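The values are calculated or read from the model by the stated rules, or taken from the named source; none is laboratory data. For clarity, every value in this text was computed on a predicted model and none was experimentally measured. All Cβ positions, glycine included, derive from the backbone under ideal geometry; neighbour counts span all protein chains shown. The protein model used for the area step is the full one, side chains on, heavy atoms only, and it has no ligands, DNA or RNA in it. Shrake-Rupley method; radii C 1.70, N 1.55, O 1.52, S 1.80 Å.
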Amino acid sequence: WLKFFGSRTVAVFIASHSALYRSLAAMAPTISKSGCLAACKVGEPTTKLESQLLNAASKEEGLAAEARLATLEHVGAEKFNRMMHHEMEPEDWRHTDRRDDITSAELQLAKRCHGTHIECLSQDITPVASHYQLNHYDIPFLDPEAHRISVRGLVDQELSLSLKDVRGRPSTTQAVLLACAGTGRMSIKNRFWTHVPWGVDSFGCAKWTGCSLADVLTEAGVQPKGKQVIFTGADRGVEGGKVQYFQRSLSIEDAMNGHVLLAYQMNGVDLTPAHGAPLRLIVAGWYGMASVKWLTSIEIVEGGWWGHQMEAYSFRQAEEDTGRVPLTRLPVRALMAPPGCPEFFSRTRVVAPGAHRITGKAWAGAVALDRVEFSYDGGASWMQAELMDKNGPFGWASW
């Protein structure tokens, strides 16, 4: 459940393994640079890119609060419900009212697009092979030596960058939490079934190495008419009845904010094909679909572009909704590392009698976490967990 406490705090209540826990994040409109440093305990920035990221985190925190409020205003429980949707779309076939009717198509997607091994919640960094993956189409196998990305459109100087060019630019390595917009879909009774049947496991916090997108755009020289940046990946498939490349966009303000990386390494090793090799976008603090993999093109346009992946990842009351709200920044969330050991088939946890220390992770994009509360009696009572520091401005925190 989602609930607001006053005007500055949002809480997430999640049930798991007969226990409840909730994470709360301060949702102040702005946060000073020193406030972000205090919240994340990352010390004084040592490079221009680190300063850029910290300044971006300060801006993103306020923008995350605005995005959450806009979402609740459009499709929050007090504004919209399932019955209203049924009245607007009586012939809707994309939602099912059961949890036990998974289709063979969903099963195939689940096999291709795996979630994080949930036991990795005990680790500070998610291993490469255990990090969640959502690959809409076939994985393209690109030659790192020959691969180039173009920067074109409304710029003073078009660029054609090789992987060597990108690696030669000033770089930074940052822990960034990525999560899919469909997290928890299988727990919803009115399930959207024409997509990956995610549980709670479509997340991962890895260390990404790359250069600043803002610096690349500055070098290209964005012209005054340039208001939007379109990113195109090499992966191609069919959605919405059309053959298309995977494409997403950012406003020029978001693209220049300083939190977007052109990444070529994950956890200290070159990207694997499934994670976007040789080069991908990392939009820190946003849902994972914004971080386009197998990046081939960066195009600056006047604005108004709205591709399939923008429409698909938006909060809508119905198929046609002029007031739709794009999915952008991550909300606050917490999960616990599963105690004991699993029964093989059902994954039911088996725990020995006695006292057990419960641990987990909490995250909220760029937003500073305030506290995590835990309940062992179904929410009748709550105790405050010990909350550690985030492992980066856009990472997660252990509790």
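Find the relative contact order for segment 273-312 and round it to a whole percent, using C-alpha pairs within less than 8 Å whose residues are 6+ positions apart. List each step's numbers first, then the result.
Numbers: 26 pairs, mean separation 13.3, N = 40.
Contact order relative to length: 33 percent.
Using a 1.4 Å probe and ignoring any ligands, DNA or RNA, find the accessible area of M310 and quote it in Å² to the nearest 10.
20 Å²
What FRET efficiency comes out for R94 versus E145 if R0 is 35 angstrom and r is the Cβ-Cβ distance? Round to the nearest 0.05. Before the final figure, lay out each step's value.
Numbers: r = 43 Å, r/R0 = 1.23.
That gives a FRET efficiency of 0.20.
Whole Å is fine, so just give me how far the alpha carbon centre of segment 171-185 lies from that of segment 99-113.
Their Cα centres are 23 Å away from one another.
Name the chymotrypsin sites (Phe, Trp or Tyr not before Pro) in segment 77-180 that are in a loop by DSSP and that have at most 13 other C-beta atoms within 10 Å, would you?
Numbers: sites: F80, W93, Y132, Y137, F141; in loops: F80, W93, Y132, Y137, F141.
For chymotrypsin sites (Phe, Trp or Tyr not before Pro) across segment 77-180 that sit outside H, G, I, E and B with at most 13 neighbouring Cβ atoms in 10 Å, the list reads W93, F141.
Apply the Debye scattering formula to segment 195-239, with a single equal point scatterer on each alpha-carbon and no solvent, then give log10 I(q)/I(0) at q = 0.34 Å⁻¹.
Normalising to I(0) and taking log10 leaves -1.21.
Using the alpha-carbon centroid of each, what span in Å lies between segment 323-368 and segment 232-260?
29 Å
Return the equivalent ellipsoid semi-axes of the chain as a descending list in whole Å, where each equals the square root of 5 times an eigenvalue of the C-alpha gyration tensor. Can you show the working numbers first?
On the way: eigenvalues 210, 131, 97 Å².
Over the Cα atoms of the chain, the ellipsoid semi-axes are 32, 26, 22 Å.
Over 27 Å between C-alpha atoms is what I'm after, so list which of K164/K361; K111/K189; K111/K293; K59/K189; K164/K227 land there. Could you put the intermediate results ahead of the total?
Details: K164/K361 36 Å; K111/K189 22 Å; K111/K293 19 Å; K59/K189 36 Å; K164/K227 29 Å.
Cα-Cα > 27 Å for K164/K361; K59/K189; K164/K227; rest within.
Would you kindly give the portion of the calculated P(r) for segment 88-200 that falls above 17 Å, as a percent of all Cα pairs? Walk me through the numbers before you get to the answer.
Numbers: 4482 of 6328 pairs.
Counting every Cα pair in segment 88-200, those more than 17 Å apart make up 71 percent.
Using a 10 Å cut-off on Cβ atoms, rank the peptides 173-179, 194-200 from the highest mean neighbour count down.
Values: 173-179: 23.9, 194-200: 18.9.
By packing density, highest mean first, the sequence is 173-179, 194-200.
Express in whole angstrom the spacing between the alpha-carbon centres of segment 136-158 and segment 266-322.
A separation of 14 Å, based on Cα centres.
Considering only protein heavy atoms, what is the solvent-accessible area of R167 at a probe of 1.4 Å, reported in Å² to the nearest 10?
90 Å²
With every protein chain present, what is the per residue accessible area of segment 52-209 (1.4 Å probe, Å²)?
Numbers: 8200 Å² over 158 residues.
I get 52 Å² per residue for segment 52-209.
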